[in-house]
Structures are given as C-alpha cells and as structure tokens.
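The values are calculated or read from the model by the stated rules, or taken from the named source; none is laboratory data. Not measured: the values here are computed from a predicted model. When we count neighbours, we look across all protein chains shown, and the Cβ atoms used for this are built from the backbone with ideal geometry, even at glycine.
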Amino acid sequence: MHGRPARETTRKMRVPPQIQPANASMIANSIRRVLSILIAIGCLFFAGGLQTRAQKSGPRPQKIKIYFYHEPGEYIDLSPVTRTIRTANPARAAIQALLKGPTAAERKQGFDGLASASDFAIVSLTVRNGTARINFVVGSDWRGFPGDIAPERFKKAVELTLKQFSTVKEVVVSLNGDVNFDS
C-alpha cells in the first residue's frame, strides 16, 4: 500500500454534435409553448384567487331603513329603524326584515311589528321603470288583519321601506294578487 502511487485515470468525455439550426428553432418553439402554457396556468390561478377573495367579501355593507309601528310615529304611526345589511338584493332583504319584525333592542325602544306581517311571505318582487311590484301570500288559515287601520299601515310600511331605494319611485302592493286588499 505504501509503495505505489495512485493511478490517475482520465476519461474522455464525448461532446455531443453541434445543434443544427433547424433543431435550435424547434427547441426555441417548444420553450415558447411551455412558457405560454405556464403563463396561462399562472393567470388562471391568479384570477381564481381574485374571484375567491371577492366571493368571500361579498356585497358591501349598506344601511337600510325598515318602517315599523311606533307610537307616536310618522305616516300612520310608522317610524324607521336603521340596520346594516350585506346582500345583493337590499329591497328583498328590507321587506323580509319588515316581515320578521323588530329586534329585541328595537322593541325596547318602542318599535313593534305590524299586525299579521309574520304570516306573510314574498311571492314576487320586481322593479321596472321606477315601479316596484310586490305580491305577498298568506296561508289559507289566515283570519285577516285585526282592526281597520292594519291593512293600510302594512301597505304604507312596505311602500316607505321600498321607496328608500333610488330605483323605486312608486310601489304597487298586493296580497294574494289583490291590490285593493286595504280597502
């Protein structure tokens, strides 16, 4: 082991033949295609990420007014409460809140729900050319409004709640398809 020096071996490396110009063009085209595909995939992921963030945040919060019975109030003893909502359809959300009635905190401030409103459901709500048309339905076991002023108060609360929106100038309210339910 001591007497012999280690023998160095050298290997000859093969050098590949030079790339022909035609092959260089094909390689460049392949690289461009791969890069284009990678860029397209990156754009899709980026756009998908933006869409997901937008969906998560949803519509912006906005303040709406809902008119409930309140003594003494304006417009047949109706006064507004202000709530903040997040929805793509604020008019429908406002009317659904009207039907549901005031919150416990609003009740403590003297607001009360409208007679029979919790028995109603929205069948349709459309806004065209400044006119909102809303039709409510009640079940067959509904006994009618209590008192003479309740139908008029309900109709007025719906009108005031919908007219706060800039696209609504006039409101047509119907109950089971009848626009004269308050007469």
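Kindly indicate whether D182 is surrounded by fewer than 13 Cβ atoms within 10 Å (Cβ to Cβ), charged (D, E, K, R) and farther than 22 Å from I64 by Cα. When the stated conditions are applied, D182 does not pass them.
Taking segment 107-159 as the range and being surrounded by 16 or more Cβ atoms within 10 Å (Cβ to Cβ), out of contact with any strand residue (DSSP E or B) (no Cβ under 8 Å at 6 or more places or on another chain) and more than 20 Å from V171 (Cβ to Cβ) as the test, no residue passes. Regarding segment 127-135, can at least one residue be identified that is of a type in the set (A, V, I, L, M, F, W, C), in the same structural domain as F68 (by TED's automatic domain parsing) and in a loop (DSSP other than H, G, I, E, B)? No, because not a single residue in segment 127-135 is of a type in the set (A, V, I, L, M, F, W, C), in the same structural domain as F68 (by TED's automatic domain parsing) and in a loop (DSSP other than H, G, I, E, B).
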